[in-house]
Amino acid sequence: MRVGDICGRDVVTVMVSDTVVAAAQQIQEHRSIAAVIVEPGGDDPIPVGVITRGDLVGVIARSPEHIDRLLVEDIVFHPLVTVEEDVTTWRALQRMRDRGVRQMPVVDEAGILVGIVTIDDFVVHIGEMLGGLSRIITAQSGRDAAI
């Protein structure tokens, strides 16, 4: 299975030039755990970072007096870890583990944002696979008992 098959396609995005407060409002409004940071311009969003609820809490705790003036570009962590939508889920999960991230923007072959994949997506995917295996075992057990 490919990352493009399990990733979320409705991605919350913020611009690097947005304030941190605006980013927090976007994340809260969409009830998301993160937003993908994109460069302004053009119709095709190119991801340059990810900002999470945890990042926002850390920024607010460190700089509460400056929070209204902080821009998203001031807190972007580099380098960004992305994954192409045609990469297998196994390789994507390995990349997340190796880089210590819980979500990755999903891009097409041109580097344009097409989705986001999270640890939660993998948990659901693995759960569905285990459910399928369970149904196979149950069906096989029924056939064995009939013999």
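Reducing segment 17-34 and segment 35-81 to their Cα centroids gives an inter-centroid distance of 9 Å. Estimated from helices alone, the mean residue ellipticity of the chain at 222 nm is -13500 deg cm²/dmol (sum of -39500 (n - 2.57) over DSSP H runs with n ≥ 4, per residue).
Among the trypsin sites (Lys or Arg not before Pro) in segment 47-100, those placed in a DSSP loop whose Cβ has at most 14 other Cβ atoms within 10 Å are Arg69. Go ahead and set up a Gaussian network model of the chain, Cα springs under 10 Å, then flag whichever of Gly42, Gly127, Gly115 fluctuates most. Sorting by GNM fluctuation, first place goes to Gly42.
Computed from the alpha carbon atoms alone, the convex hull of segment 96-142 holds 103 Å³ per residue. All other residues whose Cβ lies under 12 angstrom from that of Ile119 are scored, Lys and Arg at +1 and Asp and Glu at -1, for a net of 0. Using every pair of distinct Cα positions in segment 1-133, the Kirkwood expression returns a hydrodynamic radius of 15.4 angstrom. If one takes the longest principal axis of the Cα atoms in the chain, at what angle in degrees, from 0 to 90 and to the nearest 10, does the Cα axis of helix 89-99 lie? It is inclined by approximately 40 degrees. Just checking the listed ones, His30, His125, His66: in the Gaussian network model of the chain with Cα springs under 10 Å, the one fluctuating most is His66.
Taken together, the values in this text are just the output of simple stated rules run on the coordinates, not laboratory data. As the structure is a computational prediction, the values presented were derived from the model and not from experiment. Every residue, glycine among them, receives a Cβ derived from its backbone with ideal geometry; neighbour counts consider all protein chains shown.
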